[in-house]
Amino acid sequence: MAFSCWLSRLRSSSKSFFYSNLQTSHFHNLKTPKPHTTTPIFHSHTSKNPSLALLPAALAVSLSAGSLALQSQSNPSFCDASNLDSARGVSIGGKGSTEFVVKGSHKELPQELIDELKAICQDNMTMDYDERYIHGKPQNSFHKAFNIPDVVVFPRSEDEVSKIVKSCDTHKVPIVPYGGATSLEGHTLSPNGGVCIDMSMMNSIKALHIEDMDVVVEPGIGWMELNEYLEPYGLFFPLDPGPGATIGGMCATRCSGSLAVRYGTMRDNVISLKVVIANGDIVKTASRARKSAAGYDLTRLVIGSEGTLGVITEVTLRLQKIPQHSVVAMCNFPSIKDAADVAIATMMSGIQASRVELLDEVQVKAINIANGKDLPEIPTLMFEFIGTEAYAREQTQIVQKIAAEHNGSDFVFAEDPEAKKELWKIRKEALWACFAMVPNCEAMCTDVCVPLSHLAELIARSKQELDASPLVCTVIAHAGDGNFHSNILFDPNIEEHRREADRLNKFMVLTALSMEGTCTGEHGVGTGKVKYLEKELGVEALRTMKRIKATLDPNNIMNPGKVIPPHVCF
């Protein structure tokens, strides 16, 4: 009875989740520029002047979560692998940076390189200003760069990627690989201009091995499209980041998602890769065997390297059987700490939940506003249990008992396929629900992760700080593996907003690091998190990373200015 009433509230409106349909704000009246909606152009013609200011001047000196820019070094032999960083006047990023706009050194693209790219890509390249601008600004990230790509190319094959990279290395021109543009930490920014390699035309499924439960794909295919293809075979790829993410980008950022508590992250679900490194060589990182002890683990080296070591051109993925049965459950709690305690107790009980998601009352309110729903606006846990019908129901009953011992109420569950799909849809689109609640804003999405035993304390301390802030902040957690996000909604044109968003983000990161956690559980480093890496990993680890990059990419053309702080020398 409780579930029927709850489900009817959930289905009470078919209003779209996306902020494009929203007209009023319930919190702030912020303003943001309209996004570009240019249709992709696959031919080359004369560009508008790329040196024109792309952003208001105020942004160039504003404060935020902090972004990285390349900086000239006094000793290129030890601090810099290339002359890309040699120009004066670039902004300073990295350790302690609170810069909002990333600005690197920029030089004009040699005409000889443009001619070579035309010969390789033919009509599949563009120098159109609007298209380059779109590729220079991530879709859902507040991070920006002063420069944009000088040219965007759309390779159709691994061989074309190899030729493009080799030409860029010869001319010492930077490269930025580009996937679904869903990353949140400025991974696809082009602070030094250069060549953006859009992998969207390499989106085929090359081979499906049903009996081996693996699939070989090109990097441009999306995980959602891949699962649509696999469904008739009773298989699926278990990682589920944001809608629109592509397999190549998921490898590059070492992403995960809500199912990671059961199936692991991207590093656990990739069997092998093919990667084009800076000199144009095509490297196969492993065989298709499920396990191997042969040589260095190059696959894991590339996963999470964010395009700084090479361009991924082929991925072999581990697949899973679609579960026979699943149950989705929800439960409400008087405090967010109670909810986090139940998540920890569930994992400690030995129950193999496939999802354990936590939403605070502000996030639930955003969901209600975006969808016209009437869910109770209090901290909520969402679970998914899979297996046989009997096993899934048994797990549900055990968790219901655990929740009752921690002040849980209104425990309801769904087994109907459409009801379950609707529940996970609103969870996956939580960020857009935030834009619905405060439509004229941007979101700083935090991504801290701690050992599970520290999760309740971290969330409780962070929640206290967030609630005291004048900004609207929501909390969403992959509570089963210690990873939680806060969507801090702010106007990047208001300095007080930028300062406060940066303060909140820094508080959560430093609190997580004090608990032996990490600044990023799944979003990656990009430019936004680079300033925290020395405190988390130590300068020795960063110097080792820089030595690896300098060896594989001596001209520093591969997505320069990402992952490794510019102040690190060896």
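Read the figures in this text as sums done on the coordinates, not as results from a lab. From a predicted model like this one, the values you see are computed outputs, not experimental measurements. Using ideal geometry, Cβ is built from the backbone for each residue, glycine included, and neighbour counts are taken over all protein chains shown.
Residue separation times 0.36 nm, minus the C-alpha to C-alpha distance between Gln139 and Gln397: what's the value?
Full-extension gain reported as 88.8 nm.
Rounding to the nearest 20 debye, state how big the charge dipole of segment 421-522 is about its Cα centre with +1 on each Lys and Arg Cβ and -1 on each Asp and Glu Cβ.
220
Determine the gain in length on full extension of the stretch Val283-Glu377; use 0.36 nm per residue of separation and subtract their C-alpha separation, reporting nm with one decimal.
Stretched out fully, the Val283 to Glu377 stretch lengthens by 28.7 nm.
Treating cross-link reach as a plain straight distance, find the lysines whose alpha-carbon is under 16 Å from the alpha-carbon of Lys137, omitting any fewer than eight places away in the same chain.
Correct list for Lys137: Lys34, Lys103, Lys562.
Within the set of other residues whose C-beta is less than 13 Å from the C-beta of Ala353, count the net charge using Lys and Arg as +1 and Asp and Glu as -1.
Summing Lys/Arg as +1 and Asp/Glu as -1 gives -2.
Given the pairs Lys118/Lys284; Lys163/Lys535; Lys284/Lys321; Lys144/Lys206, which are separated by over 29 angstrom at their Cα positions?
Going by Cα-Cα distance, Lys163/Lys535; Lys144/Lys206 fall outside the 29 Å limit.
List the GluC sites (Glu not before Pro) within segment 474-521 that fall in a DSSP loop (any state other than H, G, I, E or B) and whose Cβ has at most 14 other Cβ atoms within 10 Å.
Glu516
How long are the three semi-axes of the equivalent ellipsoid for segment 273-358, computed from the Cα gyration tensor as the root of 5 times each eigenvalue, in whole Å, largest first?
In descending order the semi-axes read 40, 17, 13 Å.
Once you list every other residue whose beta carbon is under 12 Å from the beta carbon of Ser167, what net charge do they have if Lys and Arg are +1 and Asp and Glu are -1?
Here the charged neighbours net out to -1.
Sorted by average packing, counted as other Cβ atoms within 10 angstrom per residue and highest first, what order do 304-312, 117-125 take?
304-312, 117-125
Taking the Cα centre of segment 284-380 as the origin and placing charges on Cβ (Lys, Arg +1; Asp, Glu -1), which of Phe333, Thr316, Val302 is farthest toward the positive end of the dipole?
Farthest along the dipole direction, towards plus: Thr316.
Around Ala392, under 11 Å between beta carbons, what's the net of Lys plus Arg minus Asp minus Glu among the other residues?
My count for the surroundings of Ala392 gives -3.
Taking a cut-off of 13 Å between Cα atoms, list the aspartates and glutamates near Lys546, but don't count ones fewer than 8 places away on the same chain.
Of all the aspartates and glutamates, those that pass the test against Lys546 - Cα under 13 Å, at least 8 places apart if same chain - are Asp80, Glu534.
Between Ser157 and Asp297, what length comes free when the chain is fully extended (0.36 nm per residue of separation minus the Cα-Cα distance, one decimal in nm)?
Contour length minus the Cα-Cα distance gives 47.9 nm.
Please give me, ordered by residue number, the trypsin sites (Lys or Arg not before Pro) of segment 271-344 that lie in loop per DSSP and have at most 14 other Cβ atoms within 10 Å.
Here the trypsin sites (Lys or Arg not before Pro) that fit, given the DSSP loop and packing criteria, are Arg288, Arg290, Lys291.
Positive end of the dipole of segment 513-563, charges at C-beta (+1 Lys, Arg; -1 Asp, Glu), about the Cα centre: which of Pro554, Gly538, Gly526 has its Cα farthest in that direction?
About the Cα centre, the residue reaching furthest to the positive side is Pro554.
What list of ³J(HN,Hα) values in whole Hz, one per residue of segment 545-561 in order, does the Karplus curve 6.51 cos²θ - 1.76 cosθ + 1.60 (θ = phi - 60°) give from phi, with Gly and Pro shown as x?
4, 5, 5, 4, 5, 4, 6, 7, 9, x, 8, 6, 9, 7, 6, x, x
First measure r as the distance between the Cβ atoms of Gln464 and Ala541, then evaluate 1/(1 + (r/R0)^6) with R0 = 30 Å and state the FRET efficiency to the nearest 0.05.
That pair, Gln464 with Ala541, gives E of 0.40.
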